[in-house]
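Student: Here's a structure for you.
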Amino acid sequence: MVKVWNITPRRSQEPSVLYAGAQPASLFISKDRGETWDLNEHLFDHPQRGKWNPGNGGLCLHTILLDPADEKRMYIAVSAAGCYRTDDSGVTWTPQNKNVRADFMPDKFPEFGQCVHKMAMHPATPNVLYQQNHCGIYRSDNFGGDWVDIGEGKLPSRFGFPIAVHPADPKTVYVVLEESDEFRMSVEGKFAVWRSRDAGNSWKKTSAGLPERAHLDVLREAMATDSFGDAGIYIGTNTGQLFYSRNSGDSWDLMADYLPPIQSVEAAVVET
């Protein structure tokens with residue numbers, strides 16, 4: 001194992017369970033709050049694994065999504081292998097990438113091999129998945145069975161890394177975009193967040209309070225939301241700025257600056 005990319009807490013009915021995604025493309029589970037870990041060998045020995053190819057960040061399992069309504073169903077995403085789903089608690093894993101592009105491959109719509117950058121789900125609608133991909137932004141309405149491109153012709157770029165869903169509204173989605181794979185900088189040199197309030201059918205640029213002229217890079221784990229109805233949205237950049245919104249993205253402020261490159265952002269509500 002080279003590095004851990006993601007640690008996901010258990011469902012409410014799994015009080016001591018943690019899941020961890022690691023590089024190279026490994027899923028671990030702990031049933032004792034992280035004291036010990038076991039490798040999911042079924043995924044590690046997947047028959048398609050030999051054809052998975054690493055992205056620029058390595059062969060990383062960066063996304064773990066747990067279906068809150070079905071204890072046996074979960075999703076993982078690997079760059080660059082795509083999205084996989086299990087319906088039997090990790091015994092079998094099936095690729096879930098229909099209609100997702102892979103422009104860097106001879107077959108532009110392969111069964112697997114897509115470079116998923118990040119996936120998100122709202123617990124109230126576990127059948128609906130969103131993903132920010134190397135080749136676009138997509139939504140699935142049927143547990144990953146097939147995907148719809150929700151960015152083509154609506155957004156100024158098809159390339160970006162983070163994606164997040166509003167904690168109180170499963171149809172409100174946030175993405176940060178970059179010019180392209182070749183030019184990893186803010187679109188037109190203006191840092192912004194794009195928000196959809198209708199599950200990706202339309203998008204609006206939100207940038208009030210953000211730098212008007214800035215070439216900033218936001219990595220896949222560097223956007224998070226809190227759990228308030230009027231949500232806090234938090235975004236960290238590769239140049240050490242942490243921006244936040246206290247009104248679901250209507251306006252933004254700078255929380256911290258001159259930090260090291262921010263690779264991951266998490267938000268929690270602490271009761272005192």
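Student: Report the residue, chosen from TRP147, TRP37, TRP93, that carries the largest GNM mean-square fluctuation when the chain is represented by alpha-carbon nodes joined by springs under 10 Å.
Tutor: TRP37
Student: Let me ask something else. Where does the chain land at 222 nm, in deg cm²/dmol rounded to the nearest 500, when only DSSP H runs of n ≥ 4 count, each adding -39500 (n - 2.57), divided by all residues?
Tutor: Details: 1 runs with 4 residues, N = 272.
So the calculated ellipticity at 222 nm is 0 deg cm²/dmol.
Student: While we're here: What spacing in nm lies between the two simple spin-label points modelled at ASP169 and ASP226, each 7 Å away from Cα in the Cβ direction?
Tutor: 1.8
Student: For ASP198, put the label point 7 Å out on the Cα→Cβ axis and report which residues of region 137-167 keep their amide N under 19 Å from it.
Tutor: 137-141, 148-156, 166
Student: Still on this structure, I have one more. Does region 134-241 come out rounded, prolate or oblate by the C-alpha gyration tensor, with a ≥ b ≥ c the root eigenvalues, rounded set by a/c under 1.5 and, if not, prolate when a/b is larger than b/c and oblate if not?
Tutor: Details: a/c = 1.74, a/b = 1.21, b/c = 1.43.
It comes out oblate by the Cα gyration axes.
We did not get these values from a lab; they are worked out from the coordinates using the rules stated. These numbers were taken from a predicted model, which means no experiment stands behind them. Ideal geometry is used to build each Cβ from the backbone, glycine not excepted, and the neighbour counts take in all protein chains shown.
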